[in-house]
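Novice: Handing you this structure, nothing more for now.
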Amino acid sequence: KKYEYNGKKLTDYECSQMQRGYERKVRETKRQLTACNAAMQETDDEALKSKLKMEFDDQSVRLKSQEKELRDFCKQTKRRVDSSRTQVYAVKDDQGRIRGFDRSVSQKSVWANRKIKKELAEKAKNDKIILEIRDAGIKGKIELFPKNKIDVSDFSFDNNHINSERKHKVPQEDAVRFIKEADIVITRWNGRFINYYGPNGAVFVDTEEKNIRTAFRKEEFDERVRKMREVLENEKG
């Protein structure tokens, strides 16, 4: 036992068997990716295509993890990475089509893995921001950088409360703009009440009554909201 891997002593034979095992995993994942890619190209069913895309993305992440594990094993045991043992060569399927883990499938897998890693990194960063926002005393379901915002084109605008009573001096068109600019959304009461916060102002809506309840400019943000904005701007900066 003259080799060492993760603190465990191994013989040359044990090393070779472990390496073959890692190589088999890589080949099997490449076959899964090849089959998944072929199925995506052949189907016109959008629901199925979406499901296959998710499977392809998952397998892409798995492949990169397996390849990294193989490289790490070879580095620790001072063995050579034999790329020929992880190749999945092109073969004819039942319809006579050539299927293999070619450059096209490989590149798609690389980009899928990068995309998922980026999304995971962004989620981790956003989760950290949300925790800091909660520490500022903000309650409700918090969403950062919302992609889908509610359409308020047919909502009523409580001008009496917003401008006559509260003197916020915010016309309806500015309230709509504040919603479009919002980078923080807080939802309460199972989605009935949604509060939009952006760099220039805030808008609160009642989705059940289809009403813009209030709107005010950034100069009227209270201490909690200013702290929330500060947390977000610091992380973005």
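Novice: So in the chain, what percent of DSSP beta bridges are antiparallel if you round to the nearest 5?
Specialist: So the antiparallel bridges amount to about 95 percent of the total.
Novice: If you work out P(r) over Cα pairs in 10 Å bins from 0, in percent from the coordinates, which of [x] 8, 32, 33, 19, 7, 1; [y] 7, 21, 18, 16, 16, 13, 7, 2, 0; [z] 7, 27, 31, 23, 10, 2, 0 do you get?
Specialist: Working out P(r) over Cα pairs in 10 Å bins from 0, in percent from the coordinates points to [y].
Novice: What is the percent carbon and sulfur in the accessible area of region 174-227, measuring with a 1.4 Å probe over the protein chains and ignoring ligands?
Specialist: 45
Novice: I want to check the label-to-label distance for Ala136 and Lys1. Put each point 7 Å from Cα in the C-beta direction and report it in nm to one decimal.
Specialist: Result: 5.6 nm between the two label points.
Novice: What FRET efficiency would be calculated for the residue pair Lys78, Lys125, taking the C-beta separation as r and a Förster radius of 30 Å, to the nearest 0.05?
Specialist: Calculated transfer efficiency: 0.20.
Novice: Something else now. Of Ile179, Ser156, Pro199, which is farthest along the charge dipole of region 146-203 in the positive direction, counting Lys and Arg as +1 and Asp and Glu as -1 at C-beta?
Specialist: Pro199
Novice: Something else now. In region 46-79, whose amide N lies under 14 Å from the spot 7 Å out along Cα-to-Cβ of Glu14? List them in ranges.
Specialist: 77
Novice: Right, another one. Considering only C-alpha atoms, what is the centroid distance from region 179-226 to region 153-168, in Å?
Specialist: 13
Novice: Also: With every protein chain kept in place and ligands, DNA and RNA left out, what is the accessible area per residue of region 1-146? Probe 1.4 Å, answer in Å².
Specialist: 67
Novice: Here's something else I'd like to know. Give, rounded to the nearest 20 debye, the magnitude of the charge dipole that region 195-237 has about its Cα centre when Lys and Arg contribute +1 at Cβ and Asp and Glu contribute -1 at Cβ.
Specialist: Dipole size: approximately 120 debye.
Novice: Something else about it: Using the Cα centre of the chain as the reference point, and only Cβ charges (+1 on K/R, -1 on D/E), how large is the resulting charge dipole? Debye, rounded to the nearest 20. Kindly include the intermediate steps, with their values, before the conclusion.
Specialist: Numbers: 55 positive and 43 negative charges, 338 e Å.
Roughly 1620 debye for the chain.
Novice: Against the longest principal axis of the chain, how steep is helix 223-236, in degrees 0 to 90 to the nearest 10, with axes from Cα atoms?
Specialist: 30
Novice: Against the longest principal axis of the chain, how steep is helix 12-42, in degrees 0 to 90 to the nearest 10, with axes from Cα atoms?
Specialist: Approximately 50 degrees, to the nearest ten.
Novice: Express the carbon and sulfur contribution to the solvent-accessible surface of region 1-137 as a percent, rounded to the nearest whole number, probe 1.4 angstrom. List each step's numbers first, then the result.
Specialist: Numbers: 4710 of 9270 Å².
Exposed carbon and sulfur together represent 51 percent of the surface.
Novice: For region 162-237, what class follows from the C-alpha gyration tensor (a ≥ b ≥ c being the square roots of its eigenvalues): rounded when a/c is under 1.5, otherwise prolate if a/b is larger than b/c, else oblate?
Specialist: Since a/c reaches 1.5 but b/c is at least a/b, the shape of region 162-237 is classed as oblate.
The values are calculated or read from the model by the stated rules, or taken from the named source; none is laboratory data. Bear in mind the structure is a predicted one, so any value in this text is a computation, not a measurement. Please note: Cβ atoms are built from the backbone with ideal geometry, for glycine as well, and neighbour counts cover all protein chains shown. Calculation scope for accessible area: heavy atoms of the full protein, side chains included, ligands and nucleic acids excluded. Shrake-Rupley method; radii C 1.70, N 1.55, O 1.52, S 1.80 Å.
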